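One structure below.
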Amino acid sequence: YMNKRLMFSAALVIALLSANAQKRAFTIEDLYRVKGVSSVSLSPDGKTVCYTASSSDLKNQKSGSDIYIMNADGSHAKALTEDGKSSSAVWSKDGKSIFFTNYEKGTAQIFRMDLTTCETEQVTDYELGIGSPVISPDERYIAFTAEVYPDLGADAKAIKARMEKKEQGPVQAHIADKLLYRHWTSYNDGRCNHLILFDTQTKTYKDLTPGNYSLIFVVGGGNHLSILS
């Protein structure tokens, strides 16, 4: 028994010495090689998981994210998207497809992918892009946030036209008489963050929070796509 303990202790010391010999400072290159995992969603039958994997390219100063799928036990992981512009996938109620957010065309929109054929269809086409989307249990309605001019409501075409007119005007200035007039590097310029409801059957958008104020928190939060239960 004592000999076995001594042999085990010797092996442990050797392993620790070997580990210490390989130690080095953690570098920025190491950090950029680490992939982040978020928006994990379990299939209705509990057998499969889809998630977002984000990665960074230090040399080209770029980052991106894609949708992955794997068995619930962690086996057979594979990428469903490879454009670096997809995230926040959730399962459909029948478990045969997933909803996810993609901004390959310039603005964030919701897409649906058939997992049998891998064919993808675009669900939303809101010209301003969408934020914090949430899908109703029957999958008919999608609620999301967007920056709109209060007097134009959910009319994305009119809002975009006013924004373009301002950008092309002879005077480039930001005028503000109240908070919050700037978020990080983006100026509101009279726009407010409102909750918009999209009806997938009628293809119409409705401003659920009309008025000259901004909505700060919504169900789902951040850029996370979810289905209400």
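What about Val148, is it modelled with pLDDT under 75, outside the structural domain of Val90 (by TED's automatic domain parsing) and either crowded, with 16+ Cβ neighbours inside 10 Å or not hydrophobic (A, V, I, L, M, F, W, C) (or both)? Judged against the criteria, Val148 is not a match.
Ser132 meets the conditions (1) in a loop (DSSP other than H, G, I, E, B); (2) surrounded by 17 or more Cβ atoms within 10 Å (Cβ to Cβ) in every case but one. The failed one is (1).
With respect to the conditions (1) surrounded by fewer than 17 Cβ atoms within 10 Å (Cβ to Cβ); (2) modelled with pLDDT of 70 or more; (3) part of a loop (DSSP other than H, G, I, E, B), Lys206 falls short on a single one, namely (3). Screening Glu139 with (1) touching a residue at least 12 places away in the same chain (Cβ under 8 Å); (2) assigned by TED's automatic domain parsing to the domain that holds Met70; (3) farther than 27 Å from Gly36 by Cα gives one miss only, at (2). Of the residues making up the stretch 89-129, those that are at pLDDT 95 or above, part of a strand (DSSP E or B) and of a type in the set (A, V, I, L, M) number 3.
The set of residues in the stretch 172-201 being farther than 21 Å from Pro133 by Cα, assigned to a strand (DSSP E or B) and aromatic (Phe, Trp, Tyr) consists of Tyr187 alone. Listed by position, the strands (runs of 3 or more DSSP E) contained in the stretch 17-86 that have at least 2 residues being in the same structural domain as Leu115 (by TED's automatic domain parsing) and out of contact with any Phe, Trp or Tyr (no Cβ under 9 Å at 6 or more places or on another chain) are 62-71.
Taken over the stretch 170-208, the criterion of being in contact with a His (Cβ under 9 Å, 6 or more places away or on another chain) and among the hydrophobic types (A, V, I, L, M, F, W, C) is satisfied by Leu208 alone. For Ala79, are the conditions met, namely being surrounded by 10 or more Cβ atoms within 10 Å (Cβ to Cβ) and at pLDDT 90 or above? Here the answer is yes, as Ala79 does meet what is asked. When Gly169 is tested against (1) outside the structural domain of Ser186 (by TED's automatic domain parsing); (2) more than 23 Å from Val34 (Cβ to Cβ); (3) in a loop (DSSP other than H, G, I, E, B), only condition (1) is not met.
The values are calculated or read from the model by the stated rules, or taken from the named source; none is laboratory data. Keep in mind that this is a model prediction, so the values were computed, not measured. A quick note on method: Cβ atoms are made from the backbone with ideal geometry, for glycine too, and the neighbour counts reach across all protein chains shown.
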